[in-house]
Amino acid sequence: AEVRSRCGIPGMKREAATHFRDKNAMKAVLRDADLPVARQAKITSLEAAEVFIQDIGYPIVLKPIAGVGSKNTVRVQNHDDLIAAMNLLFPSEDNPVQAEEFVQGEEHTLESVTINGKTIWQSSTYYLPGPLKVIENPWMQYCVLLPKEVHGSHVSDFLPVNAAALKALGMETGLSHMEWFLKRDGTPVVSEVGARPPGVNIMPMLSLAYDLDMWDKWAELMTHDRWELPPRKYAVGCAFLRAQGRGNTIVDVTGLEEAQAAVGEWVEQFKPPRKGQSRSSHYEGDGFVIVRHTDTETVVSALRTIITKIKVIAG
């Protein structure tokens with residue numbers, strides 16, 4: 001982005017890239033555009049965090065300004081949590097930390113394609129449960145669901161917010177990944193936005209949903225400013241398998257045969273955890289299963305079966 005800005009090369013420039021990478025700048029831009037975001041502040045010291053908490057109250061969330069994948073994202077519920085978070089993140093003038101009010105609700109993604117400043121395609125997934133809860137519970141299996149139905153009613157209501165946010169942040173042409181909350185009172189909140197393809201296997205899931213290679217479509221978008229997709233054919237879900245127990249090595253994996261017998265006909269990709277492998281420190285865990293079906297409820301049932309029957313044990 002810096003080189004593009006200095007040399008006049010087409011594509012995302014420095015200002016827009018900063019808006020997408022710096023969470024504090026991102027939230028400021030969105031708030032100035034009158035879009036729904038959590039209250040937030042840039043924290044450089046314990047004292048600054050305490051001032052923010054006096055205004056917002058507990059709980060809050062602390063995270064790196066330019067972090068990705070929820071790495072080092074921490075929920076702070078009391079003063080002891082705050083001290084622990086300070087010792088993890090070490091905020092300073094050279095290493096500021098993002099502080100935000102804690103938002104509760106269903107967490108979703110919204111993948112979008114924008115061409116020449118106009119958002120032309122949007123697709124939402126469910127996090128089951130949300131990433132922060134998964135990070136706080138390392139044993140927890142979790143799923144990502146891509147329904148066959150492209151836009152449920154709650155998603156349809158949010159689409160204009162997504163498009164307005166991308167415009168405010170300076171997205172010109174590209175594929176973006178937004179995380180957002182639907183609060184218990186039905187109101188949406190934008191969490192954060194990345195000017196990049198999504199993680200947590202959403203790209204292969206989209207490929208399976210449309211029966212094409214989504215990475216090829218992204219390259220076509222960035223090369224030719226072109227985005228054409230057929231109707232979505234399938235619902236797709238990914239179950240991430242995470243080890244239970246206190247050890248650092250996978251010592252056993254149970255339930256594979258039972259899960260295979262129950263849902264094997266719908267499995268499209270499977271990365272099994274292996275005995276003897278080191279336990280993953282990443283929230284995506286030690287393996288995954290991707291399933292697909294023409295019926296969304298069948299995919300939901302298959303995901304439930306997988307995370308119920310398969311157990312990964314660390315010792």
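The values are calculated or read from the model by the stated rules, or taken from the named source; none is laboratory data. Worth saying up front: this structure is predicted, and the values here are computed from it rather than measured. Cβ atoms come from the backbone with ideal geometry, glycine included; neighbour counts cover every protein chain shown. Protein only, heavy atoms only, side chains kept; ligands, DNA and RNA dropped before computing areas. Shrake-Rupley method; radii C 1.70, N 1.55, O 1.52, S 1.80 Å.
Here Thr254, Thr296 are screened, and the one residue that is of a type in the set (Val, Ile, Thr), in contact with a Lys or Arg (Cβ under 6 Å, 6 or more places away or on another chain) and closer than 30 Å to Val113 by Cα is Thr296. Within the range 100-108, is even one residue in contact with an Asp or Glu (Cβ under 8 Å, 6 or more places away or on another chain) and within 30 Å of His224 (Cβ to Cβ)? Yes; the residues of the range 100-108 include at least one that is in contact with an Asp or Glu (Cβ under 8 Å, 6 or more places away or on another chain) and within 30 Å of His224 (Cβ to Cβ). Can you name the residue in the range 71-81 that is closer than 17 Å to Gln104 by Cα and buried (at least 16 other Cβ atoms within 10 Å of the Cβ) and is also modelled with the lowest pLDDT among such residues? Ranking the qualifying residues of the range 71-81, first place goes to Thr73.
Of all residues in the range 290-310, those being open to solvent by 40 Å² or more (accessible area, probe 1.4 Å), closer than 13 Å to Pro147 by Cβ and either assigned to a helix (DSSP H, G or I) or in contact with a Pro (Cβ under 9 Å, 6 or more places away or on another chain) (or both) number 1.
To keep it simple, each residue is scored yes or no on (1) open to solvent by less than 50 Å² (accessible area, probe 1.4 Å); (2) closer than 19 Å to Val29 by Cβ; (3) small (Gly, Ala, Ser).
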site: Trp121; (1), (2), (3): yes, no, no
site: Val155; (1), (2), (3): yes, no, no
site: Ala163; (1), (2), (3): yes, yes, yes
site: Met178; (1), (2), (3): yes, yes, no
site: Lys183; (1), (2), (3): no, no, no
site: Val193; (1), (2), (3): yes, yes, no
site: Met203; (1), (2), (3): yes, no, no
site: Glu220; (1), (2), (3): yes, no, no
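Taking the range 236-271 as the range and being charged (D, E, K, R) and either over 21 Å from Leu146 (Cβ atoms) or open to solvent by 70 Å² or more (accessible area, probe 1.4 Å) (or both) as the test, the residues that pass are Arg246, Asp252, Glu257, Glu258, Glu265, Glu268, Lys271. Cβ-Cβ distances below 9 Å connect the following pairs, each with a first residue in the range 24-47 that is in contact (Cβ under 8 Å) with a residue 40 or more places away in the chain and over 16 Å from Asp94 (Cα atoms), a second residue that is of a type in the set (S, T, N, Q) and surrounded by 15 or more Cβ atoms within 10 Å (Cβ to Cβ), and a separation of six or more residues or different chains: Met26/Thr18; Lys27/Gln40; Lys27/Gln98; Val37/Ser191; Ala38/Ser191; Gln40/Asn24; Gln40/Gln98.
Listed here are the residues, each with its yes/no results for (1) in contact (Cβ under 8 Å) with a residue 12 or more places away in the chain; (2) of a type in the set (S, T, N, Q); (3) on the phi > 0 side of the Ramachandran plot.
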residue	(1), (2), (3)
Thr249	yes, yes, no
Thr254	yes, yes, no
Gly264	no, no, no
Phe270	yes, no, no
His293	yes, no, no
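Restricting the first member to the range 104-125 and to residues that are in a strand (DSSP E or B) and at pLDDT below 90, and the second to residues that are open to solvent by 40 Å² or more (accessible area, probe 1.4 Å) and β-branched (Val, Ile, Thr), the beta-carbon pairs closer than 9 Å and six or more apart or on different chains are Gly105/Thr187.
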